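Novice: Encoded as structure tokens, here's the structure I'll be asking about.
We did not get these values from a lab; they are worked out from the coordinates using the rules stated. These numbers come from a predicted model, not from an experiment.
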Amino acid sequence: MQWLSQAQNLVVLVLGIAGLVFGLWAFVDAAMNDKGAYAAEGKQSKTFWLVALGISLAVLFVSVTAILNMFGLIALVAVGVYFADVRPALKPYRARKRKGGASGSGPHGSW
């Protein structure tokens, strides 16, 4: 039965690492968006999401080997809410920012 315990520990570790990666991705994505986009879409402020996702990222880092505890699950819910609700709402603002470009003088830019 020791193999079962080891397999369970491995599954929890993989889930913890995946949660940590998604938490880091959400934090970086939230930092890259313009703060005006959050207000335009009626979402909480950029500062709110950076603080919430930063705390979630710290909790996910600390509980990477025990992701299924209460704090780990709450942190995963915060990351999930960002990916399910906030990120899709801000997507049009990211696309517009890329298309406009700073210089517009590339091979696919507006000459």
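Novice: If you stretched the chain out fully between Phe83 and Gln8, how much longer would it get, using 0.36 nm times the residue separation minus the C-alpha to C-alpha distance?
Specialist: 24.3 nm
Novice: How large are Rg and Dmax for the range 17-89 when only the alpha carbon atoms are used, in Å?
Specialist: Considering the range 17-89 through its Cα atoms, Rg and Dmax are 12.0, 39 Å.
Novice: List, in order, the whole-Hz ³J(HN,Hα) value for each residue of the range 47-58 obtained from phi through the Karplus relation with A = 6.51, B = -1.76, C = 1.60 and θ = phi - 60°; use x for Gly and Pro.
Specialist: 4, 4, 5, 5, 5, 4, 6, x, 5, 4, 5, 5
Novice: How large is ³J(HN,Hα) for each residue in the range 10-16, as worked out from phi by the Karplus curve 6.51 cos²θ - 1.76 cosθ + 1.60 (θ = phi - 60°), to whole Hz, x for Gly and Pro?
Specialist: Working through the residues one at a time gives 5, 4, 5, 5, 5, 4, x Hz.
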